[in-house]
Amino acid sequence: MNIHMAPGDWLALFGQYLLLSLLSVSGAIGTVPDMHRYLVDQHGWLSDMQFNASIAIAQAAPGPNILFVALMGWNLGLNAGGGLGAGPHAWALGMFGLLVMMGGILLPSSLVTYNAARWGQRNRHRRSVRAFKQGMTPMVIGLLLSTGWVLVRNGAAEQHPVSAWVLALVSAVLVWRTRIHLLWLLGAGAILGAFGLV
Amino acid sequence: MEPAPRPGPASLTELFLAFNWLALQGFGGVLAVVQRELVERKRWMTLDEFVEEWAVAQVMPGPNVINLGLMLGDRFFGWRGAAVTLLGLMTVPLVLVLCLGLVYSHFQNQPQVAGALRAMSAVAAGLIMATACKLLPALRKHVLGMPFCIGVAVVSFVAVALVRMPLMSVLLVVGGISCVLTWRKLKP
């Protein structure tokens, strides 16, 4: 996939991620639908495949899930540089994309957390602090469900509508209700997918 | 009586290594790993502290585990500690994820690889939905009542996932209304 990124586009991308960082109350994964809207639908900077692969790879790897943003940035930069085969120039752009998006998604939230954490801890019995904490909970649940929904709809469900939804729902119930290790589920999914069943 | 001396990391290096090790064990859900490493093994926090700080880390914008690391690192070594935990959580996992990404892009034209990843993304989506379900018990004690809370969750789901409205406006309107109503119900 090949795209053109003008300096103004990079700036807009950085700005968008600064904003998303402040909106990521349930963690960045709750902002995935908005990232999809911005990166794939609105600008066409990433393909659906790259978008979903970034999330799936980061989920399958150890470490904070936020690293899916790093992979998206890397892929976007590569797209701007003409792809992996285009050589060092493209890799440098990939690294640049990674830094732009990770910097954007982490900077505001880390600064806010760093400065607000002590205050919040000292004032955790205040009505306003409790109201914010409690008031956001139902919304966070809705946002997490949205993320799951958007991932299935724009990913696996395009090729295998029924089995993709069944696999997603069965995994959801197993993770919710049992203590099964996530790696078993991801492994089972990989096998089903490799045989073309999902 | 003097309180028992709190165990804590002796150096920035120890802090870095501890969070690095923690991040490398965190497949999918880090919550359990954080609790086991920091509370049970290192004893850098008590269980009560962990629950309270995790709640704060969750309410703040940004990834929970990174927020918790920032808060804890800051408590031990100030801003240097916060920076070191952030680096500890990210560096090695970032390299791993990039390597996996490279491996994937090399083989992505193989239909089996593309299919495997497609199905894995469906599983990943299921995991995220399960996280939402795990939060449901938190609504039971909610001052607005379970039915109203489910209403808020459904409205935000419909707005974001089905109508595809920008997150900003949904957060401001739906989240704002929910917070204000909660505030009015809470006793001062």
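The values are calculated or read from the model by the stated rules, or taken from the named source; none is laboratory data. The model shown is predicted, which means the values in this text are computed figures rather than measured ones. So basically every Cβ, Gly included, is an ideal-geometry build from the backbone, and we count neighbours across all protein chains shown. Calculation scope for accessible area: heavy atoms of the full protein, side chains included, ligands and nucleic acids excluded. Shrake-Rupley method; radii C 1.70, N 1.55, O 1.52, S 1.80 Å.
A few notes on this one:
- With the convex hull of its Cα atoms as the shape, chain A has an orientation-averaged projected area of 13.1 nm².
- Probe 1.4 Å, all protein chains present, accessible-area order of B:Leu17, A:Leu186, largest first: B:Leu17, A:Leu186
- Once the Cα-Cα distance is subtracted from the 0.36 nm per residue extended length, the A:Arg126 to A:Met95 segment shows a gain of 6.8 nm.
- Our coupling estimate for region A:106-113, obtained by passing each phi through the Karplus curve with A = 6.51, B = -1.76, C = 1.60 and θ = phi - 60°, is 9, 4, x, 5, 5, 5, 4, 4 Hz, Gly and Pro reported as x.
- For the protein assembly as shown, the dipole from Cβ point charges (+1 on Lys and Arg, -1 on Asp and Glu) about the Cα centre works out to 1360 debye, to the nearest 20.
- Per residue value of the accessible surface for region A:1-69 (all protein chains in place, 1.4 Å probe), Å²: 30 Å²
- In chain B, the C-alpha radius of gyration followed by the widest Cα-Cα span (Dmax) gives 20.4, 68 angstrom.
- Solvent-accessible surface (1.4 Å probe) assigned to B:Met165 amounts to roughly 80 Å².
- Segment B:Ile150..B:Val180, full-extension length gain: 9.1 nm, with 0.36 nm per residue of separation and the alpha-carbon distance subtracted.
- Rolling a 1.4 Å probe over the protein chains gives B:Ser105 an accessible area of about 40 Å².
- Rolling a 1.4 Å probe over the protein chains gives B:Ser11 an accessible area of about 40 Å².
- In Hz, Karplus ³J(HN,Hα) per residue of region A:133-143 (6.51, -1.76, 1.60; θ = phi - 60°; x = Gly, Pro): 4, 6, x, 7, 3, x, 5, 4, 4, x, 5
- Under the span-like rule (Cα at least 15 Å along the axis, Kyte-Doolittle mean at least 1.6), DSSP H helices of chain B: B:146-157
- Protein accessible area in region B:97-163, 1.4 Å probe - carbon and sulfur %: 72 percent
- The lysines whose alpha-carbon is closer than 26 Å to the alpha-carbon of B:Lys134, local same-chain residues fewer than 8 away aside, are A:Lys133, B:Lys185.
- The Cα center of region A:15-56 and the Cα center of region A:174-198 differ in position by 24 Å.
- Carbon and sulfur %, accessible surface of chain A computed with the full protein complex present, 1.4 Å: 68 percent
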